[in-house]
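K.L.:
Take a look at this one; I'll ask things after.
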Amino acid sequence: MSLLNSFIMLGIVGMVNKLPAILHLLYHRFEMWWFSEMQITISQEDKDWHSNSKVFSAVQTYLSTRSADEARRLKAYGSYFGHHLMLTLDDGQHTTDVFTPKVDDDGKKKAKTIKVRWTYYCWDDIGTSRRGYDEKKFYKLRFSARHRSVVLNQYLVYIMERSREIEQNNRERNLYTNTMSRDRNWTQVVFKHPATFATLAMDPKKKQEIMNDLETFSKSRDYYAKLGKTWKRGYLLYGPPGSGKSTMIACMANFLEYNVYDLELTAISDNTELRRLIVNTGSKSIIVIEDIDCSIHLSGTRETEGVSHNNDEEKKTADSGQSKVTLSGLLNFLDGLWAACGGERLIVFTTNHLEKLDPALVRRGRMDMHIELGYCSFEAFKVLAKNFLEVEEHPLFEKVKELLEKVQITPADVAEQLMPKKLLADDQASRCLERLVHTLQNAIKDGRKEEEKTDAM
């Protein structure tokens, strides 16, 4: 209570003592209404939904534009390689905000400006996580009780809308990876991968088919709603190492301007944690599980009988400290009830060994599009030659085409041979192509030697 209010109260109290009992009661009710303060606590953790509170994130984003004006201690956050700096309140610091509602509590259009006060708190909660402690973060919003309706019905709504505008203006696509912390499900860096479909070494027809599929998906919100299906689509990328699976994911993200969530299954303890992570992914995103055949033991037959055998296997897994994410848990993430949490998401699996995966995991409807990324074709080579050497025609192209039909080599290996060893070297295109021809010829010779050894055995 301010000093001015204290003097006012001293003057009024003397008069109140002389008033009849009924007026005395009315006065105290007025005092409680006029001078009382309300508080709203907004915690970072939304326990009901096993996720971080969207309201907390919105408040943090909103206050980042005005915290520097008043607070004496601030925290500065910036994404790795990012351009935008976020300033937030440090522990125990506060800032005031003013808001002019569209209408006042009585519904009148000429509403008066109200003032609110935000305070940020953060402390360590000992013994509640694997690390031994967790940070508890929350904001307290304080305001006069007489502004209750305006704050609840207008001010908080305004903060949510304004935070979305700020995020849209400062939007940077991010690459997320899951963490072991309870208070932070994902860590992030700014996603700035340079790969695009224009530079992707792939047959142009196949490339255009993928681009058309992605574009159709991004514009099909109403269509999916009409079908009663979750707005998501699955892609299975398979092929030998170096065939461009990770590059394909980067191309997809850049083409659609989506965030990427790199889901590391081996770092997830069980199905519950997997569900919590999925709930905390946003829309316009690609959820990636790379090398799924190596990430976790999901292949093999699924037991329908022998409960004791299953329990023994689970006990062995728990004792070894391995992830207890099950195939059924992963399938529920793909097309179960929890798959409906969020929309406009791509789910991408990659594998070097398609035959090792359980058919239930990759069947059509879960993985809608199967994309084989194989060895380098002549069409893919021409894209690489244009990217690395800026040539679209060369006398050695025919020789390269002939050799590529006889040997299996990945686009990554071809790209290595086309990389100039010296910048601005004379006739570097010819030098690089000659090196590639030599590499292909050696690969053919090595293949023949292996065949001879096999025949000799």
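K.L.:
Note the count of lysine pairs whose C-alpha atoms are less than 22 angstrom apart in the stretch 174-266, limited to pairs 8 or more residues apart or on different chains.
P.N.:
Here the count comes out as 13.
K.L.:
Can you sort Met248, Met86, Met419 by how many other beta carbons sit within 10 Å, fewest first?
P.N.:
On the way: Met248 23, Met86 19, Met419 12.
Going from least to most buried by this count: Met419, Met86, Met248.
K.L.:
Could you work out the percent of alpha carbon pairs in the stretch 150-217 separated by over 15 Å, rounded to a whole number?
P.N.:
Working: 1707 of 2278 pairs.
Summing the P(r) tail past 15 Å for the stretch 150-217 gives 75 percent.
K.L.:
Quick check on packing: order 211-224, 166-179 by the mean number of other C-beta atoms within 10 Å, highest mean leading. The partial results should precede the final answer.
P.N.:
Details: 211-224: 14.0, 166-179: 15.9.
Sorting 211-224, 166-179 by mean packing, highest first, produces 166-179, 211-224.
K.L.:
Further question: Counting pairwise Cα distances across the stretch 380-437, what percent come out greater than 17 angstrom?
P.N.:
On the way: 468 of 1653 pairs.
That tail contains 28 percent of the Cα-Cα pairs.
K.L.:
Highest mean first, what order results for 229-236, 367-374 on Cβ atoms within 10 Å?
P.N.:
Values: 229-236: 20.1, 367-374: 17.0.
Descending mean neighbour count gives 229-236, 367-374.
K.L.:
Right, here's the next one. Run a plain Debye calculation on the stretch 131-280 (Cα atoms as equal point scatterers, no solvent) and give log10 I(q)/I(0) at q = 0.17 Å⁻¹, rounded to two decimals, same order as the q list.
P.N.:
Listed by q, the Debye log ratios stand at -1.26.
The numbers here are math on the coordinates, done by the rules we state, and not lab data. Please read all numbers here as calculations on a predicted model, not as lab measurements. Heads up, the Cβs are rebuilt from the backbone with ideal geometry, glycines too, and the neighbour counts pull from every protein chain shown.
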